1. Report, largest value first, the span of the C-alpha coordinates of region B:483-629 along each principal axis, in whole Å.
2. Please list the radius of gyration and Dmax for region B:266-405, considering alpha-carbon atoms only, with Å as the unit.
3. Suppose we keep just the DSSP beta bridges with both residues in chain B; what percent of those would be antiparallel, to 5?
4. So what's region A:2-78 giving for Rg/Rh, alpha carbon basis, Kirkwood Rh from the mean inverse pair distance?
5. Just give the residues from region B:242-285 buried by at least 30 square angstrom of accessible area in the all-chains context relative to the isolated chain, probe 1.4 Å, and say none if nothing qualifies.
6. Please find the FRET efficiency linking B:ASP763 to B:ASP617, where r is the Cβ-Cβ separation and R0 is fixed at 60 Å, and quote it to the nearest 0.05.
7. Quick check: residue separation of B:LYS433 and B:ASP88 times 0.36 nm, minus the Cα distance between them. What number comes out in nm?
8. With chain A treated as a Gaussian network of Cα nodes joined by springs under 10 Å, which of A:THR35, A:THR84, A:THR17 yields the largest mean-square fluctuation?
Amino acid sequence: MQKTVSLTVNGKPVSATVEGRTLLVQLLRETLGLTGTHVGCDTSQCGACVVHVDGEAVKSCTLLALQAEGRSVKTIEDVADGDTLHPMQEAFRDNHALQCGFCTPGMIMSALDLVKNNPDPTDREIREYLEGNFCRCTGYHNIVLAIKAGAAAMRGAPVEPHGAAAE
Amino acid sequence: MTEIGTPVRRREDYRFLTGQGTYTDDINRPRQLYAYILRSPHANAALRGVDFAAAAKAPGVVAVYTGKDIEADGVGGLPCGWLVHSKDGSPMYEPPHPVLAQGRVRHVGDPVAVVIADSLAQARDAAELIQVDYAVEPAIANAAGALRAGAPQVWPEVPGNICYDWHLGDPAAVEQALAKAARVVKLDLTNNRLVPNAMEPRAAIGDFDRATGEHTLYTTSQNPHVIRLLMGAFVLHLPEAKLRVVAPDVGGGFGSKIYHYAEEAIVTWAAAKLKRPVKWTAERVESFMSDAHGRDHATHVELGLDVDNKFVALKVSTIANMGAYLSTFATCIPTYLYATLLAGTYTTPVIYAETKAVFTHTVPVDAYRGAGRPEATFLLERIVDLAADELGLDPAELRRKNFIPTDAFPYQTPVALQYDSGDYFSTLELATKAADYAGFEARRADAARSGKLRGIGIATYIEACGIAPSAVVGSLGARAGLFEAATVRVHPTGSVTVLTGSHSHGQGHETTFAQLVADGLGVPIEQIDIVHGDSAKIPYGMGTYGSRSLAVGGTAIIKAMDKIVAKGKKIAAHLLEAAEADIEFKDGQFSVAGTDRSKTLGEIALTAYVPHNFPHDELEPGLDETAFYDPKNFTFPSGAYVAEVEIDPDTGTLEIVKFTASDDFGRIVNPMIVAGQVHGGLAQGIGQALLENCVYDHSTGQLLTASYNDYAMPRADDLPSFALSTHATLCTHNPLGVKGCGEAGAIGAPAAISNAIVDALKDYGVRHIEMPATPEKLWRAVHPQNMAAE
Amino acid sequence: MEMHGELRIPAPRAEVWAKLNDPETLKTCIPGCETVDKISETEFTAKVVARVGPVKATFAGKVTLTDLDPPSSYTISGEGTGGVAGFAKGSAKVSLDDAGAETVLRYGVQAQVGGKLAQIGSRLIDATSRKMADDFFNRFMGVMTSSDGAAPAS
């Protein structure tokens, strides 16, 4: 069964012909070539595929492409402002919150969702929120620091000295 | 200019932060086909037939291949890279390891057939139509069980399922010392089986260029040249000159992406057969049943102490699960990377270790972060703690009493290794101070007042990294050299490209290596490019494993830079009309000693490539040097970890209140990256101690933990933030004095956590809790009456 | 896994026994069963759509009756493969006893799965098997108590 789906991706209208079973993440990666969104599991737990759908963080492996009809999807490719990193991306870089980089796009999309709803999260809140995003490299230590720093930058608070370099 | 010791922010981050990394599954080749691999649902079954007629006719299907096609084309089996001999001198048993099953499947996940179609969905749909006639037979998943009389045989020609029965040390001397010991402490323990779980599932794309006859494999590998060698020479019989292996951005490895896997050979072979690119990407459930697993030891240990509480002998007997086939480096893990570490940080004068490696109907087991060293550290640090407990001693004091003295280096252990440097007292001091070890009893009492059980645990560790001196490992059965290669290419205007065999898949080589070059050649870091991962570009390199990249790969870069500087001095001497011996090189300038006459590296490079005024009778043009570095010895990072935990006796839930680590990695080039490596290692070590466990149903060999539903990965809210410190004693045999930091956390953390748990439960008569120490196990330990009821 | 149960059926033993050996009744009562074809007195082929957690698959397989002791007891065994979903096999030992005009049916069920079903759904197997057994015997009770004694439409 082939059907056409029309949606907005990173601010641009797109249409594609997909099968009923095609997942949103497959549409993004395979049809649209947006390979920044990753697939790390097949049970919707790892969070490498998190994107924003109408402003909410969604695991794009849990949504059929057809379910995104008429919606607005934002992926990691649209987070930076041209060549200038978003403050959250900058905070990840400055705090060494990524190593292999595979979980990173999902982490950033989740972090942005967290901060949207909770502009000044505590360590505990960050750790609990990240329950659906696995990272095998960093032990999460620097991710927690980065999200705190990114949140501070986003709300215009003075940025505390980063933890990573202080080690 | 010095970049060494500076937390330079990573140069690779921009592409990862913006979704522009290029992982293998992100690559698509024109006219690409997709492979889906049908895997066995049975642990042990004869293949009576594979009926794929319907699948072959399904929409989009281009080909269906089985073991018969592999055999017909003369495709070889996957080789094992290390030959171990048994006690009696006989070589280990090396079973065939076909890339598609031939007549029998031996573990759940063993590949049976591959369907290749225009789309992945079509390949998967067609695989549903394949009828496989299995004659299912009894299976054995557990290594101790496989040794029992009457156990199912994995290989009919291997009676008792024993791959090898190996040993190290002098058994008579150890027995004698144990007989005379004032006390002998004994423990049986298991080191739980783990699944590495790099977040990027394995993937491979085979490509074939009809015009040039060149085969290309894009693969998720830590060591593309090793794959090229193994696959080209042993499996597909392709000349290396016509086989290119590219490992692009790789999403974590932790050992699991060292090995040569069947899927790499399948896509390369099929692409040449079909004259079209073929892509395969693992689903996570496939990763669980096809990536090499880690650990899985069952061990009996005895430690003898004299009346002064000095260790007098250690005896270790281990059963190691190999799985159904031998993975690339499987055989050296429970032997040369394990028993040789059993001296740990201590002066134990005699040690005897024996290891039975056992075949079972499970996925092959190989190196996983730490590889043998976590297993050695775990048993040693558990038995030392148990000894302290039995003797009523402070575990820190018992350790100090038995540490190798700081002035005793180089120190020859009774298990083959010679440690070049170390200072175990200082790291223990740093860790116990930072953890406020002295003040712990007050915190235990506080916790007890709110009904909680608090415990503190220490673990020290030593590891052998910087793998490895080729001649040494060759004499021990390695079938590969373990040097590293680097090319430093200074371009005509002075920018630099470094080609390194050390693949980076999270370790930040593109930054750390650039720091070395910025420091060594005085070139701004922005003008240095680090290239790795493509066998068509880089010199023959051995890749990334065993915490070797800086100690071996970094040293190769230093050696290549030395050659650049030596040649540059000759060119500068010519241009400056001075004696070569008078030329000094510093901060990117070649100058005549004691004068203000100098030439920049860029000027020297331009002269080398535009050699109008050049010492042609003495030198060749160009400024491009390659070095192969073979280390003289292993490096020996060490450290001390302190874990403090609190257990709720009503629920068995455990909280890590504080985790303190103090490590000796030698000189540190980028402290930010080093801290990140420690964090990640600790998370995996804590994961092993508290959460992760690969479970097989022992009666059927079914893999019961094959998704994140059932395999407990450490999540952010399972872990604490970590308190780190370092104390450096320099490695004495590499120019940087570096030791390696990638595996430390995974090596030291399990014992520290386990020791803390046993300390917390000491009033309940607990001697040992097997990993992972789940809330259920902890709850049962404090409610022993309920155990009987179960 | 193993489970046991019993139910009291308001019908004479011979009638219960006959229904337990009737392909149409089996088809009606096995949850998700699409076809049952008799190939001998003690062998049937069957096609069953089963769902375990996230895995849904069509199992094609064989049902065999062994340990036959009419009209008192038998063992009914099924073994099916669900393609890449793996395989499932199970058996139920069923015995009948007279209880006045009624019959007491006792059963003991064993089930085992492999492949993806075990990997992803192993924690759900017990609950799924229990539900399938309950469904089977509830439907069987329905067959035995419907007014005309014929299988109800499924």
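The values are calculated or read from the model by the stated rules, or taken from the named source; none is laboratory data. All values reported here derive from a predicted model rather than from experimental measurement. Cβ placement follows ideal geometry from the backbone for every residue including glycine, while neighbour counts extend to all protein chains displayed. These accessible areas exclude ligands, DNA and RNA; they are computed on the full protein's heavy atoms, side chains included. Shrake-Rupley method; radii C 1.70, N 1.55, O 1.52, S 1.80 Å.
1. Sorted from largest, the Cα extents of region B:483-629 read 47, 28, 24 Å.
2. Rg then Dmax for region B:266-405, in Å: 20.6, 74.
3. Numbers: 102 of 129 bridges.
In chain B, approximately 80 percent of DSSP beta bridges are antiparallel ones.
4. Values: Rg = 11.0 Å, Rh = 12.0 Å.
Expressed as Rg/Rh, it is 0.92.
5. The answer is B:PHE254, B:ARG284, B:VAL285.
6. Numbers: r = 84 Å, r/R0 = 1.39.
Between B:ASP763 and B:ASP617 the formula returns 0.10.
7. On the way: separation 345, 0.36 × 345 = 124.20 nm, distance 4.88 nm.
Extending this stretch completely gives an extra 119.3 nm.
8. A:THR84
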